[in-house]
Amino acid sequence: DTAVSQTPKYLVTQMGNDKSIKCEQNLGHDTMYWYKQDSKKFLKIMFSYNNKELIINETVPNRFSPKSPDKAHLNLHINSLELGDSAVYFCASSQEGAWISGNTIYFGEGSWLTVV
Amino acid sequence: LAKTTQPISMDSYEGQEVNITCSHNNIATNDYITWYQQFPSQGPRFIIQGYKTKVTNEVASLFIPADRKSSTLSLPRVSLSDTAVYYCLVGGSSASKIIFGSGTRLSIRP
């Protein structure tokens with residue numbers, strides 16, 4: 001079973017469209033994240049949710065809106081897509097709290113978004 | 001938040017031992033040091049984590065000096081399949097504060 005799964009894996013869409021990427025984790029973690037990896041391969045955190053509540057919201061355009069219906073799901077909705085939104089978006093999860101041995105972040109396989 | 005600095009890229013050959021060093025001069029008392037590996041078209045994957053001295057698992061070893069201002073990931077006898085980007089991260093009590101730097105692109109040649 002895939003621990004962190006996200007769909008779709010590939011998405012090609014036109015500028016101005018609205019799209020969503022879904023994420024689910026079956027690890028029982030209470031914290032989920034969205035990361036963005038750009039063409040230069042920098043991996044930047046966008047959002048972090050802990051038990052369905054937003055705890056990190058980095059400098060991200062408000063066209064990006066995360067939604068967490070329950071602690072096992074964190075979806076990313078993007079409005080009015082722009083060319084610069086083209087990137088790989090990774091969903092991840094972890095157990096929050098003090099870092100102990102083996103307490104780590106688990107990533108999904110990524111969603112390749114191309115805006116044309 | 002502790003920032004990390006690591007080489008942008010490294011090259012090596014199959015069968016060699018590879019050491020990748022990461023600097024984290026402003027590491028905090030509660031911070032652990034964690035390394036991730038990312039293959040093309042995949043998400044990052046946990047390799048090893050440590051707090052001080054040396055940690056070893058079936059994949060790698062992690063050496064951390066007493067001042068903890070740097071760490072070295074050691075990959076014994078690399079193979080072509082070890083070609084990947086390796087990220088060094090430093091973080092403490094909150095996993096949500098972990099920041100990924102630019103990583104080290106390791107290329108292994110036959």
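The values are calculated or read from the model by the stated rules, or taken from the named source; none is laboratory data. What you are looking at is a predicted structure, and each value in this text was computed from that prediction instead of being measured. Positions of Cβ are generated from backbone atoms using ideal geometry, with glycine treated the same way; all protein chains shown enter the neighbour counts.
Consider the stretch B:1-14. How many of its residues are in a strand (DSSP E or B) and either at pLDDT below 95 or buried (at least 19 other Cβ atoms within 10 Å of the Cβ) (or both)? Quick ask: steps written out before the conclusion?
Start the filter on the stretch B:1-14 by keeping residues that are in a strand (DSSP E or B), which leaves B:5, B:9-13.
Applying the additional criterion that residues be either at pLDDT below 95 or buried (at least 19 other Cβ atoms within 10 Å of the Cβ) (or both) yields B:5.
So the answer is 1.
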(message) Take B:V59 and tell me if it is in contact with a strand residue (DSSP E or B) (Cβ under 7 Å, 6 or more places away or on another chain) and part of a loop (DSSP other than H, G, I, E, B).
(response) yes
(request) Grab the strands (runs of 3 or more DSSP E) fully contained in the stretch A:25-116, keeping just those with 1 or more residues being crowded, with 17+ Cβ neighbours inside 10 Å and either more than 7 Å from chain B (Cβ to nearest Cβ) or of a type in the set (G, A, S) (or both). (result) A:31-37, A:43-50, A:64-70, A:73-78, A:87-94, A:111-115
(request) Could you pull out the residue among A:D30, A:D70, A:D38, A:D85 that is charged (D, E, K, R) and out of contact with any strand residue (DSSP E or B) (no Cβ under 7 Å at 6 or more places or on another chain)? (result) A:D70
(message) Looking only at the stretch A:8-24, how many residues end up being assigned to a strand (DSSP E or B), within 14 Å of chain B (Cβ to nearest Cβ) and basic (K, R)?
(response) 0
(request) Six or more apart or on different chains, Cβ under 9 Å: which pairs go from a residue in the stretch B:78-102 that's modelled with pLDDT under 75 and surrounded by fewer than 17 Cβ atoms within 10 Å (Cβ to Cβ) to one that's of a type in the set (D, E, K, R) and in a strand (DSSP E or B)? Could you list them? (result) B:I99/A:K44
(request) For the stretch B:15-63, enumerate the residues that are more than 10 Å from chain A (Cβ to nearest Cβ), touching a Gly at 6+ places or on another chain (Cβ under 6 Å) and surrounded by fewer than 19 Cβ atoms within 10 Å (Cβ to Cβ). (result) B:A28
(request) Output the number of the condition that B:S107 fails; it satisfies all remaining conditions of (1) under 12 Å from the mean Cα position of the chain (by Cα); (2) among the hydroxyl-bearing types (S, T, Y); (3) assigned to a strand (DSSP E or B). (result) (1)
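A quick yes/no check of all residues on (1) among the hydroxyl-bearing types (S, T, Y); (2) over 24 Å from B:S102 (Cα atoms):
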residue: A:L43; (1), (2): no, no
residue: A:K52; (1), (2): no, yes
residue: A:S68; (1), (2): yes, yes
residue: A:A72; (1), (2): no, yes
residue: A:V116; (1), (2): no, yes
